[in-house]
Amino acid sequence: MKLETYYIALIGFSVLILAYSRDLTLEPGHLKPFGISKSTQICDEVDKFPQPDVFFGEYVFKKRPLVMRNAAKLSPAFKTWTDDYFLQANEPKNHVVSIETEKKENRQQEVREMPFTEFVSIYNTSGIYMVNPVPTFIRKDIILPCCMQCPFIVEGKLVENIMWFSSGGTKSVVHTDSVDNVNCLYRGEKQFVMVDPDKYRDKVDIDHPEGSYSGVDVDSVDYTKYPGLADVEFYTINITAGDCLFIPYKWIHQVRSFGSNLAVNIWWNHFIPKDVSLESCNKECDLGMTLKSVDFRGFDQVMESVDAIKDHVYALISKLNNCDYPKFLHGLIGDDIKFLEDNKIPYDSLMKEIFKQMDVDNNGSIHEEELDTMEDQRWERVQQVMDQFSQLIKDAESLDNGEFRFKDEL
Ligand SMILES: *[C@@H]1O[C@H](CO)[C@@H](O)[C@H](O)[C@H]1NC(C)=O
Ligand SMILES: *[C@@H]1O[C@H](CO)[C@@H](O)[C@H](O)[C@H]1NC(C)=O
Ligand SMILES: *[C@@H]1O[C@H](CO)[C@@H](O)[C@H](O)[C@H]1NC(C)=O
């Protein structure tokens, strides 16, 4: 080959490469706030809460978000929750709540505790943010969303409620929750930027898997560090006081608040068998079913939920290079095997069943990718086995045969 031909071929080749390699820094959204891109998605909207069969059938089970305008107006809190009301409420004056000290969320920030009334007196002038379960003495003011007034939810599937209270200007990190979520706003405005994980899981880099969040700067998205985000379609949803939003299990989201701001969200367990009777739900909303009259189980305590076991297994996997069954069993149960054996609980067969569901490719060890892609049916099975296991433990404990705890430290 003549040298000129060689050079011409080389130049042609380079031009070809240049033409095909996108310059991401020129794409819309580079160095802009999280949520800006070429195209956006539209979220379904209804007025007020839908009927439970629609809510579960069309949205929860299908993992589709839903805006419910004006739904929060049904709760007395929408009218009564002024700062004067909080300050004058006949409450234990030392009801302590958790306070975040930075409005732009930073998972390393200092979290302080202070009495609720003290928070209310100073939040306007001190840039602090209350993120804490609704104080018990005002839970009566929030009606459990009508569309989830179902026995299969109320009897054991409610996980936690949180009051998000600030003078506005908060920004969360980009993250996911392993629960279903309804967030209702009582003051101010909020913007939710959401991404469908089933479409874009691989494009959004959750580079802090231990806390299920991304380290991306939500004020300035750098496509050279997070190239996948240049391809993502966002749902940007604005809600205003009185509205509620359903955020499906594992949906990637980021939240900003504007103006004096107060929201309450409810998390519940996603793993509900698809064949539950939606007929059993309240057709007429029970206005007396408030956050005070239902039980929230909390995220931690003993590992009764799939989410807890999942978190443990993720943590276990990140520490091991091969999570086989013996390591799985030891990582979960550790030293409490004696309690289980003393009480003749068939832990081995139950844990083997859970392991089998999580070892999707059936090669004897569990990997993160397997958990990420595990189908709902497998999680439902894990849930059933966990329920069975928890029940056996409760029965043994109620006979005063000691106490069982899953391993806290892996
Ligand atoms: C804080 O600011 C909001 C909005 O301006 C106001 O409604 C509220 O009364 C203020 N609270 C206190 C304790 O000053
Ligand atoms: C949503 O709220 C943000 C912040 O206030 C605002 O910039 C944006 O224009 C709003 N979008 C719509 C569609 O109203
Ligand atoms: C099992 O499969 C995973 C991929 O899912 C692989 O990384 C791992 O090395 C395999 N382990 C064994 C023991 O074969």
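The values are calculated or read from the model by the stated rules, or taken from the named source; none is laboratory data. None of these values were measured; they are calculated from a predicted model. No Cβ is skipped: glycine too gets one built from the backbone with ideal geometry, and neighbour counts run over all protein chains shown. Just so you know, the surface numbers come from the protein's heavy atoms only, side chains and all, with ligands and any DNA or RNA stripped out. Shrake-Rupley method; radii C 1.70, N 1.55, O 1.52, S 1.80 Å.
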query = Which ones in segment 209-260 are more than 16 Å from ligand 2 (Cβ to nearest atom) and more than 15 Å from Phe34 (Cβ to Cβ)?
reply = Pro209, Glu210, Gly211, Ser212, Thr224, Cys244, Phe246, Ile247, Pro248, Tyr249, Lys250
key: Hits in segment 150-182 (condition: more than 16 Å from ligand 2 (Cβ to nearest atom) and in a loop (DSSP other than H, G, I, E, B))   = Cys150, Glu155, Gly156, Lys157, Val173, Thr176, Asp177, Ser178, Val179
key: Candidates Glu118, Glu100, Glu105, filtered to the one that is within 14 Å of ligand 1 (Cβ to nearest atom) and of a type in the set (Asp, Glu)   = Glu118
inquiry  = It is to be established whether one or more residues within segment 277-296 are aromatic (Phe, Trp, Tyr), at pLDDT 90 or above and assigned to a loop (DSSP other than H, G, I, E, B).
reply    = yes
query = Looking at segment 294-312, is at least one residue open to solvent by 40 Å² or more (accessible area, probe 1.4 Å), of a type in the set (S, T, N, Q) and free of Cβ contacts under 8 Å to residues at least 40 places away in the same chain?
reply = yes
remark   = All conditions in (1) in a helix (DSSP H, G or I); (2) open to solvent by 50 Å² or more (accessible area, probe 1.4 Å); (3) in contact (Cβ under 8 Å) with a residue 60 or more places away in the chain are true of Cys147 except (2)
ask   = Name the pairs whose Cβ atoms lie under 7 Å apart, with the first residue in segment 86-108 and closer than 22 Å to Phe34 by Cα and in a loop (DSSP other than H, G, I, E, B), the second of a type in the set (Ser, Thr, Tyr) and at pLDDT 95 or above, and 6 or more positions between them or separate chains?
value = Lys103/Tyr129; Lys103/Ser166; Lys103/Thr170; Glu105/Ser172
note = Per the filter on segment 118-141, residues charged (D, E, K, R) and either closer than 17 Å to Arg187 by Cα or out of contact with any Ser or Thr (no Cβ under 9 Å at 6 or more places or on another chain) (or both) are Glu118, Arg139, Asp141
Inter-residue pairs, beta-carbon under 9 Å, first over 19 Å from Arg139 (Cβ atoms) and in segment 113-125, second exposed (fewer than 14 other Cβ atoms within 10 Å of the Cβ) and modelled with pLDDT under 95, 6+ apart = Ser121/Leu87
ask   = Can you find even one residue in segment 191-213 that is modelled with pLDDT under 95 and assigned to a strand (DSSP E or B)?
value = yes
ask   = What are the residues in segment 218-236 that are in a loop (DSSP other than H, G, I, E, B) and free of Cβ contacts under 8 Å to residues at least 60 places away in the same chain, if any?
value = Lys225, Tyr226
